[in-house]
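For reference, the structure is listed below as structure tokens.
Values quoted throughout were computed directly from the atomic coordinates according to the rules given, and no laboratory measurement underlies them. What you are looking at is a predicted structure, and each value in this text was computed from that prediction instead of being measured. FYI the Cβ positions are ideal-geometry reconstructions off the backbone, even for glycines, and counts take in every protein chain you see.
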Amino acid sequence: MAPLEPGRDRQVYVRPLVSLFHARTRSRGAFGGRLRRRRRAVDGRRYRRGVHQLPVRHDRRGDDGRRLARRLRRNHAVRRDHGGSPEGPRLARLTRRITPSSVGSRASIADSRSAFSAVCTTDSPLVSEAVVSPMSRFGEIEEGYDPHAVEQRVFDHWEDVDAYERTKRHRAEGETYFFVDGPPYTSGSAHMGTTWNKSLKDCYIRFLRMQGYDVTDRPGYDMHGLPIETRVEEQLGFENKKDIEAYGEDAFIEACKEYADEQLEGLQSDFQDFGVWMDWDDPYKTVDPEYMEAAWWGFSRAAERGLVEKGHRSISQCPRCETAIANNEVEYEDVSDPSVYVKFDLADREGSLVVWTTTPWTIPANTFTAVDPDGEYVGVRARKEGEEELLYVAEAKYEEVLREGRYDDFEVEEELAGEELLGWGYDHPLAAEVPDHTDHDGAHEVYAADYVETEGDGTGLVHSAPGHGEEDFERGRELGFPIFCPVGSDGVYTDAGGKYEGQFVKEADEEIIADLESKGAMLASGTITHSYGHCWRCDTGIVQIVTDQWFITITDIKDELLENIEDSQWHPEWARDSRFRDFVSEAPDWNVSRQRYWGIPIPIWTPEGRDDDEEMIVVGDREELAERADQAIDPDSVDLHKDTVDELTITEDGTTYTRVPDVFDVWLDSSVASWGTIGFPADQERFEELWPADLIMEAHDQTRGWFWSQLGMGTAAMGEIPYEQVLMHGFAQMPDGRAMSKSKDILVDPHEAIDRHGRDVMRLFLLSNNPQGEDMRFSWDGMETMENHLRTLWNVVRFPLPYMRLDGFDPDETTLEDVDSDLEVVDEWVLARLQSTKREVTAAFEDYRQDRALSALIEFVVEDVSRYYVQAVRERMWDEEESGSKTAAYATIHRVLREVVTLLAPYAPFVADELYGTLTGETGYETVHMEDWPEVSDYWTDDELEADVALLRAIEEAGANARQGAGRKLRWPVTRIVVAADDERVAEAVARHEDLLADRLNARAVELVGPGERWGELAYSAEADMSELGPAFGDRAGEVMTSLNEARIEEPDLAALEGAVGEELEPEMVSFVTETPEDVAGTAFGIDGDDRGVVYVDADLTEDIESEGYAREVVRRVQEMRKDLDLDVEERIAVEIAIADDRVADLVRRREELIREEVRADAIGDVDEGHRMEWEIEGVDVELAIEPAPSS
RNA sequence: GGGCCAAUAGCUCAAUUAGGUUGAGCGCCACUCUGAUAAGGUGGAGGCUCUCGGUUCAAAUCCGAGUUGGCCCA
């Protein structure tokens, strides 16, 4: 790692403090004997002040002025009125003294600020610095969290300090980490799924950088392929390939490039706008010659291994695009198609075979009929309209088939096994219409085939046309048949189609059905709705035809592929083991050729007049192309697209080779990303250093896509899987659980999410979702919640700043270690919680569960820091006197907040950076993203203390509950609370923190009933432990539990309980529960579901308590009236109190002193003018009036 | 039609590698607090843990069959 940037003397390095304390172990044991514990190292070493600080001073020069100016600008723009500031009395007082009458206008605020600073300089070096630089550490931050304002400022700041470049340089010497970006396809803008994907990538990259890695972060774009071609065709108003030819290949390719570039710009700016830090100046593009060369290289390696062949195969063809498409480009949707039952008349015997098909247009190419040799078939004698026939179908299907044929009646005449049908001959039903139909030896006979199901759809006899289907094709080849396919690449019958020549196949269906009917070959004809394959781009129904295509024969290396899978780790694991492996084992050879234009040209040259794979030349890179091509080309500047390379020929040994016209399947482009992204094969060095990828992360649709294509190419070319870790996330769904769909306009636009809540909030929400395999359901509520959490953090950071500023607290001069002896228990506790939070966050991150890490962090901020710690230390910070305790609180909260914003940085990079800047000023890095990931300190770890405070908090909570149960508001003191502790630990905690408990529960006294002791007036019942009762009582366990729950006994004694229940019990089976007397409210407290004791609140009223209670009621109302008048916190007033009830009036009078003090009243007496209100307090009418004191 | 994953409060999720009386946050309602205030506290309502079977003294959890949703394959 490189803490100091070479050549940058202005860099201040703050070494992470925690790391120095690894050797120290903090003293253990439950609360010792003193409230404040003194920390001492076990090894007995003492630590000198400041020894951990590298005293590198900041040298203000160069572009620093710019930063300063920017910060000044920012600071002044956000200054707010001090008058109503919630920063506490001390600050308000000071401010007022300086600017007695000028609060409000922006100019006067600026004045007041420097005046204020000047006053504070006498005893505060930090504040004196603030005169020079108002926006130094602890500069004021906005009163409310405004995501958009923060984000705009941080964008500016990043630009000003070159934050991204600086952060990368900062890690330049770190261990390399090779992340590969799965290239999004450049059509359309970023949707929520893409946004989630990039946010995840950004989050992990930032995390890895903070851990010290030099992370490869080159983004990529997938820019070739049919989707862009079809978009451009639409724009140009084209209908088919002939239009493209007419327009000109060169021009069309250029148009595609322009379109892709345009789309790329949109994506680039979106991703940058989301706060994603990747190398946007240098993305890899699949259309760049350097990248295309990587594909050529990979393909040529596969060819060297003998894995490239040209094959006559059955493929899915899009008749509009006139190209083969891969199986995984076929999309299935429900359509209505013909459903016909056709009779094939048997040649040498009575009767016909009945077959079923939804594609009548394939009947002309019928070559044989398939049966399941082990299946059961029947011959059925059927009658209709006086005519009689013998029909052969599967036994399981005959009733259904005959019903379809509307026969009057029928009977099974013959039962026979499938194998008995083998070899039966029949007549092609359209022999006359299609004269070129197959009629070779063995054609039109019955054969066995494993794709036949006697109980599936159809008749159990399968019409087989090897020219129109993969299975039929395979079987036809096995049988040694020539393949008959009378359909061209545009889905139109060729001359081999006879009568149907020139017709588009789907349109010929009708005529074929009519012809079959007129020949009496049609048993039944209807329609059916079923799912049928369509072109993924233009939605045209595909046709199965046989053409010549280029393949990578990955089935030859299937074992190697499956082995290589083992070298990758997937998160979640099942994605690899239950899903990817299945997909890979079933994957057929990869058809990589497309008869299109916008793609990487296949680098194969074949001898003129031949186009097979016998004597092909496969070119591996531009260098080789330049060497072998007949034409002169410059390898550095040659563009490798089709329009260029089609012209090139190669002549060797007297033979001239021409390029095959096809381009690659676009999936092949991204399959080479792991080396294409690092400039291989041109750049060997980086390849050696980085390859294979350490991590990739994409959504679950990529099992069939990029996860697979990379495995295929990596294995074919390199013999290895090109990635090690895979994080497979899910899809973004609508708030109601529907899939998002751009074409149906069902979506939540990330830009809208940003408009409503900002980038940090959106990222926080996205990243709070489980990234492993599960879909993310978008939720505006969830967004709102995240914004609230950030607001809480904002307020927490904002709270201590004014006090620190006033006291000139310098976290570098006064570190946590310096104030060790002044730390109070609550400080030690929050530091301990910080350690366990870091431990949890880091572990979750390393387990690829950043969502769990985030919730641990948020819980710490909201629950522990905001709701507890800040509450607990407020009064210490308000203290005007110098105090060790106050300084200790400063040091503590500073450490906590600084680490919290650091942990938050990967999630909410904007707000984390701004808060970090405020906390560290000029002494930190330019950006939080350069920080090291906070380490867990053993020294500050204290699991026992964490557990203890958890107990105290539980007691407090239960006490508040009991209070409410007793009907006594917190404002009214109670005489005492009684804590019945179940164990020694609870008793210790209470004993030591009686004052704290008394204070927080507003009790005059705290009594402790230790474990084993009993508090009088309590009854007991029992609670059953079902894990004990179950085995002991078997099926009566439930019944015994019920009687236990209902039992009431005076002593928590097993014998008494046995008496009450009438069963023999063991001590482990039950725990006793106290039943509170009526005049006392009790609430059980516990942790993690385990009861640890009970708090009782004695709500008995005494005159003294009533006196204080009523007085405080008056105080609160006066305070509210002060607020009505918008009085300054310090402003003195006069108060008039008129109470309708004499007794209450007397009680209140006893506490006049308290009232005067609390409401800052000089006098209690008559008020003439002023603010007057009537109140009802506990049923008593009270009239109050206040006015500002005449001369204060 | 097949494979994988998911299904627990209105919403988002927990429930500790192998069963033991279902929990949290957000939202909602009521009360409360009023020097973080577009906050804080307490309580409440809200669940045949998707359905049906099975194993077991005992199933949200294990097994089988379905239903719904998502992805993938045909």
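Relative to the present Cα-Cα distance, how much length would full extension add between A:E720 and A:S637 at 0.36 nm per residue of separation? All intermediate terms of the calculation are to be shown ahead of the outcome.
Numbers: separation 83, 0.36 × 83 = 29.88 nm, distance 3.15 nm.
Here the segment from A:E720 to A:S637 would lengthen by 26.7 nm.
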(message) What distance in nm lies between label points placed 7 Å from Cα along the C-beta direction at A:L562 and A:E1152?
(response) 9.6 nm
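What percent does the relative contact order of the range A:570-706 come to when contacts are Cα pairs within less than 8 Å and at least six residues apart?
On the way: 148 pairs, mean separation 38.8, N = 137.
Dividing the mean separation by the residue count of the range A:570-706 yields 28 percent.
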(message) Could you tell me the relative contact order of chain A? Use alpha-carbon pairs under 8 Å, at least six residues apart, and round to a whole percent.
(response) 13 percent
(message) When a/c reaches 1.5 or more, the comparison of a/b and b/c decides; with that in mind, is the range A:267-334 rounded, prolate or oblate per its Cα gyration tensor?
(response) oblate
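Quick check: residue separation of A:D1124 and A:T529 times 0.36 nm, minus the Cα distance between them. What number comes out in nm? Each step should come with its number before you reach the end.
Details: separation 595, 0.36 × 595 = 214.20 nm, distance 7.23 nm.
Extra length from A:D1124 to A:T529 when fully extended: 207.0 nm.
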(message) Just to be sure I understand the model, the point goes 7 Å from the Cα along the line to the Cβ. What's the resulting A:D1162 to A:E376 distance in nm?
(response) 11.1 nm
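List A:K969, A:K558, A:K886 from most exposed to least, where exposure is judged by having the fewest other Cβ atoms within 10 Å. Display every interim value, and only then the final one.
Numbers: A:K969 12, A:K558 15, A:K886 23.
Fewest-to-most ranking of A:K969, A:K558, A:K886: A:K969, A:K558, A:K886.
Provide the gained length on full extension for the span A:R305 to A:A1140, in nm with one decimal, where the gain is 0.36 nm per separating residue minus the Cα-Cα distance. Working shown, then result.
Working: separation 835, 0.36 × 835 = 300.60 nm, distance 10.26 nm.
Gain on extension, A:R305 to A:A1140, equals 290.3 nm.
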(request) Filter the GluC sites (Glu not before Pro) in the range A:1106-1158 to those in DSSP coil with at most 13 other Cβ atoms within 10 Å of their Cβ, and list the result. (result) A:E1130
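Would you mind classifying the range A:1019-1075 by shape? Square roots of the alpha carbon gyration tensor eigenvalues, ordered a ≥ b ≥ c; an a/c under 1.5 is rounded, otherwise it is prolate if a/b is larger than b/c and oblate if not.
The shape class here is prolate.
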(message) If I fit a long axis through the Cα atoms of helix A:850-859 and take the longest principal axis of the Cα atoms of chain A, what angle between them do I get, 0 to 90°, rounded to 10?
(response) 20 degrees
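How do A:949-961, A:756-768 rank on mean C-beta neighbours within 10 Å, highest first?
Values: A:949-961: 20.8, A:756-768: 24.4.
Output ranking for A:949-961, A:756-768: A:756-768, A:949-961.
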(request) Could you estimate the translational diffusion coefficient of chain A from the Stokes-Einstein equation, with Rh from the Kirkwood formula over C-alpha pairs, at 37 °C and 0.692 mPa s, in whole µm²/s? (result) 88 µm²/s
(message) Given points 7 Å out from each Cα along the Cα-Cβ axis, report the A:M1173 to A:D701 separation in nanometres with one decimal.
(response) 5.9 nm
(request) Please name whichever of A:L421, A:P750, A:G225 sits farthest to the positive end of the charge dipole of chain A, dipole taken about the Cα centre and charges placed at Cβ: Lys and Arg +1, Asp and Glu -1. (result) A:P750
(request) Using DSSP to define loop residues, name the GluC sites (Glu not before Pro) in the range A:140-214 whose beta-carbon has at most 15 other beta-carbon atoms within 10 Å. (result) A:E173, A:E175
(message) To test your reading of the geometry: what angle, between 0 and 90 degrees and rounded to tens, separates the Cα axis of helix A:943-965 from the longest principal axis of chain A?
(response) 70 degrees
(request) First select every other residue whose beta carbon is under 13 angstrom from the beta carbon of A:G423; then total the charges, Lys and Arg +1, Asp and Glu -1. (result) -4
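Only helical DSSP H runs with n ≥ 4 go in: add -39500 (n - 2.57) per run for chain A, normalise by residue count and round the 222 nm mean residue ellipticity to 500 deg cm²/dmol. Mind dumping the intermediate values first?
Numbers: 41 runs with 458 residues, N = 1192.
After summing the helix terms and dividing by residue count, I get -11500 deg cm²/dmol.
In the neighborhood of A:K285, defined by Cβ-to-Cβ distances under 11 Å, what is the net charge if each Lys or Arg adds +1 and each Asp or Glu adds -1? Intermediate values should be presented prior to the final figure.
Working: positive: A:R218, A:K257; negative: A:D222, A:D261, A:D282, A:D288, A:E290, A:D669.
After counting each charged neighbour, the total is -4.
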(message) Rounded, prolate or oblate for the range A:473-623? Axes are the square roots of the Cα gyration tensor eigenvalues, ordered a ≥ b ≥ c, and the cut-off for rounded is a/c under 1.5.
(response) oblate
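For A:Y332 and A:D745, FRET efficiency with R0 = 25 Å and r from the beta-carbon atoms, rounded to 0.05? Mind showing how you got there, number by number?
Numbers: r = 22 Å, r/R0 = 0.88.
Once the sixth-power term is evaluated, E becomes 0.70.
What does the charge count near A:S314 come to, summing +1 for each Lys or Arg and -1 for each Asp or Glu among other residues with Cβ under 10 Å from its Cβ? Show your work: numbers first, answer last.
Values: positive: A:R313, A:R477; negative: A:E470, A:E471, A:D472, A:E474.
Summing Lys and Arg as +1 and Asp and Glu as -1 gives -2.
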(message) Given an 8 Å cut-off on Cα distances and at least 6 residues of separation, report the relative contact order of the range A:338-534 as a percent.
(response) 30 percent
(request) Within the range A:323-403, list the trypsin sites (Lys or Arg not before Pro) lying in a DSSP loop whose Cβ has at most 14 other Cβ atoms in a 10 Å radius. (result) A:R349
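What Kirkwood hydrodynamic radius, in Å, does the range A:972-1046 give when the mean of 1/r is taken over all pairs of distinct Cα atoms and then inverted?
Numbers: mean 1/r = 0.0667 Å⁻¹.
Hydrodynamic radius (Kirkwood, Cα only) of the range A:972-1046 equals 15.0 Å.
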(message) Compute the helix-to-body angle for A:1037-1046: its Cα long axis versus the longest principal axis of chain A, expressed 0 to 90° and rounded to tens.
(response) 20 degrees
